[in-house]
Amino acid sequence: MKRRTLLKTGATAAFAAAVGAPLRAQDAPMKVGFVYVGPINDGGWTQHHHHSAKEMVDHFGDQVELVYQESVPEGPDAERVLTQMCLQGCKLIFTTSFGFMDPTVNVAAQFPDVMFEHATGYKTAPNVSVYSARFYEGRAVQGNLAGHMTRSNRVGYIASVPIPEVVRGINSAFIHAREVNPDVEFKIIWIFEWLNPAKEADAAQALIEQGCDVVLQHTDSTAPHAAAQEAGDVYTFGQASDMAEFAPKPRISSIIDNWAPYYIDRVQAVMDGTWESVNTWQGIGDGMVGIGEISSAVPDDVKAEAEALRDSIAAGEYHPFTGPLSKQDGTQFLAEGETADDETLVGMNFYVEGIEGEIPS
Amino acid sequence: MDLTAIDPLLLLASLMVASTPILLAALGELVVERAGVLNLGVEGMMITGAACGIIFSTLTGNAWLGFAGAALGGLLLSFLFAVLTQLLLSNQVATGLALTLFGLGLSALLGQGFAGTRPPAFPKLDIPLLSNLPVMGQIAFRHDGMVYLGLGLVAAVWYFLTRTRAGLVLRAVGENHDAAHALGYPVVLIRFGAIMFGGACAGLGGAYISLVRVPQWTEGMTAGAGWIALAIVVFAGWKPGRLLLGAYLFGGVTVLQLNLQAAGLAIPVEYLSMSPYVATIIVLVVLAAGRKPGSLGQTFHASR
């Protein structure tokens with residue numbers, strides 16, 4: 001596995017370096033690089049980043065040139081890809097997966113004139129910004145719907161990699177499912193990958209066989225939807241992209257990532273020379289997190305309630321982590337009326353009370 | 001923890017489905033290696049089969065034709081390998097690895113217009129009478145045709161290798177190609193046949209993932225299944241019976257660990273995740289591996 005990816009990226013990078021180096025004239029379009037963790041047609045996470053990147057290019061026309069590398073493994077290979085992009089003349093590089101964090105920071109230290117934007121991470125530098133979306137706001141809406149729609153009171157959750165972002169999503173969904181349905185239980189499967197359709201299908205199958213009739217996923221393929229469709233009365237949610245081809249059933253809603261406005265902003269900032277290292281974390285209100293249409297399989301009153309929740313989060317009237325809340329071990333997490341601050345959320349590594357099981361470390 | 005949530009019958013039924021892609025691919029590779037050729041391109045042929053399966057089934061609207069197209073795709077790719085290694089005498093290890101790289105790229109290209117399309121449904125065969133048996137019916141007799149085809153192929157390969165003259169000749173070629181050549185057997189021709197059978201099987205295995213298991217096309221969707229198939233061939237000692245055991249064990253523990261996670265078993269998830277690999281290796285090693293074919297991986301040239 002490692003070897004073939006290594007060969008592939010190595011060959012591409014070498015080619016890119018040979019061809020791309022002489023193109024560094026002043027009036028040439030600004031090169032903007034994107035490093036993706038999956039293929040650009042994965043139907044989810046990477047596809048939406050790429051889609052947003054193309055929207056950004058459409059916005060600027062001839063002024064920018066898009067350089068991208070798909071299916072880059074998280075780890076040392078990423079550093080090579082990033083270095084090559086820098087040598088190729090990219091002025092701004094977006095690295096769009098959590099595992100690219102250290103490679104991004106390492107390469108950024110060697111190329112102080114190149115600006116970096118790392119998605120979903122937390123390490124910044126003078127030329128490294130981080131950006132992420134408050135997916136947990138969308139998870140709250142999903143949890144609300146899941147709590148209403150389950151009849152077996154068992155909700156399955158296909159979790160990917162044990163990082164705070166994923167844990168936050170599980171907690172947020174669970175809190176809001178319990179709120180509308182005190183009997184609801186979550187069954188969580190970690191598959192340790194962002195995209196592995198066969199494993200996702202197997203995980204969905206296992207959850208459904210154990211009586212889950214709503215399956216949430218934090219993985220990027222539509223395989224769980226297909227498994228749910230075959231099983232019949234099981235509901236699912238689109239992840240990262242709308243996955244509307246499975247609507248109205250099993251897919252009853254979705255979280256959509258919309259990065260385009262941010263990408264346009266940041267490219268503009270580099271062009272204007274106003275780019276600064278920032279830590280951006282936007283949610284439903286800013287449009288970075290979209291809630292896909294709640295389908296006709298959902299009763300009207302449930303739909304209205306979920307939409308009201310969405311709107312109150314967007315307006316900033318309600319925070320998905322509002323006390324009283326306890327941690328899994330029973331200790332207090334938030335007092336009555338208290339809301340979680342961003343620092344707590346960024347490093348969240350515990351389940352809230354009521355979720356069974358342990359977070360893999 | 002709630003182990004009662006796991007229904008053993010459903011678990012065993014999912015095991016058969018989860019194991020089928022690896023079983024098919026490994027079976028093909030077993031025949032290839034018994035003929036003395038090491039083809040490390042299984043992953044590439046599987047993913048090409050997965051892409052071809054989607055393309056043919058979507059265009060024709062028939063899942064069976066999709067599988068036929070997948071077998072053809074895998075076969076053509078392995079034909080390339082056969083020409084390179086058997087006629088042009090290239091190094092088998094390097095060519096096999098290159099075949100995997102090539103297959104991954106080719107499949108991404110072929111599948112470009114098919115991302116997100118759903119293939120036609122592949123019907124399950126409810127075998128009359130047998131599917132109504134109390135326990136076995138639910139476990140073993142309510143699957144789709146490919147599951148049975150996989151099992152049938154294991155039996156057929158076993159019979160071919162151990163009970164037919166042609167199988168004996170194929171093994172002779174694998175054990176000592178110079179001796180087989182001296183006896184007048186067409187070593188290169190036989191190896192061509194074996195390699196292409198292996199390619200077709202890998203294609204079928206890949207298509208089972210894209211047409212039944214997932215079912216949808218995503219780049220790189222086989223996610224290393226080909227390498228597992230390769231490993232199972234070695235650990236099974238190049239014997240079809242053990243290969244079936246190995247593939248079912250791997251598929252079974254994979255499904256079981258997901259079920260145990262969902263049931264909230266108090267074992268750290270990391271151990272559960274590695275369990276399929278560990279269990280398969282331990283069991284197949286304990287069974288004492290067979291001897292590898294004598295000419296495995298060696299280049300054959302008639303003049304030497």
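The values are calculated or read from the model by the stated rules, or taken from the named source; none is laboratory data. Fair warning: this is a prediction, and the values are worked out from it, not measured in the lab. Glycine also receives a Cβ, built like all others from the backbone with ideal geometry; neighbour counts cover every protein chain displayed. In case anyone asks, the SASA skips ligands and DNA or RNA and just uses the protein heavy atoms, side chains included. Shrake-Rupley method; radii C 1.70, N 1.55, O 1.52, S 1.80 Å.
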For this session: Examine region B:5-15 for a residue that is polar (S, T, N, Q) and more than 10 Å from chain A (Cβ to nearest Cβ), and state whether such a residue exists.
Result: no
Seminar exercise, completed: Considering region B:35-44, residues that are away from chain A (no Cβ under 14 Å) and within 15 Å of the chain's Cα centre (by Cα), and then whichever is farthest from B:Tyr185 (Cα to Cα), we arrive at B:Asn39
Problem set entry | Total residues in region A:205-226, condition open to solvent by less than 10 Å² (accessible area, probe 1.4 Å) and either more than 8 Å from chain B (Cβ to nearest Cβ) or not in a helix (DSSP H, G or I) (or both) | 13
For this session: Search region B:28-55 for residues that are farther than 11 Å from B:Leu77 by Cα and pair each with any residue that is of a type in the set (D, E, K, R) and buried (at least 24 other Cβ atoms within 10 Å of the Cβ) when their beta-carbon atoms are under 8 Å apart and the residues are at least 6 apart or on different chains.
Result: B:Asn39/B:Glu29
Seminar exercise, completed: Filtering region B:70-113 for residues that are in contact (Cβ under 8 Å) with a residue 24 or more places away in the chain, away from every other protein chain (no Cβ under 14 Å), assigned to a helix (DSSP H, G or I) and more than 16 Å from the chain's Cα centre (by Cα) leaves a count of 8
Exercise. Any chance region B:217-233 includes a residue that's free of Cβ contacts under 8 Å to residues at least 12 places away in the same chain and either among the β-branched types (Val, Ile, Thr) or closer than 20 Å to A:Trp194 by Cα (or both)?
Worked result: yes
For this session: Return the only residue of B:Leu130, B:Leu153 being open to solvent by 50 Å² or more (accessible area, probe 1.4 Å) and either within 14 Å of another protein chain (Cβ to nearest Cβ) or out of contact with any Lys or Arg (no Cβ under 7 Å at 6 or more places or on another chain) (or both).
Result: B:Leu130
Exercise. Is it fair to say B:Ala202 is of a type in the set (A, V, I, L, M, F, W, C) and surrounded by 24 or more Cβ atoms within 10 Å (Cβ to Cβ)?
Worked result: yes
Exercise. Looking at B:Ile47, B:Ile6, B:Ile22, which one is open to solvent by less than 50 Å² (accessible area, probe 1.4 Å), under 30 Å from B:Ala263 (Cβ atoms) and within 15 Å of the chain's Cα centre (by Cα)?
Worked result: B:Ile22
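Could you name every one of the helices (runs of 4 or more DSSP H) located completely within region A:101-189 that has at least 2 residues being closer than 30 Å to A:Ser296 by Cβ and small (Gly, Ala, Ser)?
A:135-149, A:164-180
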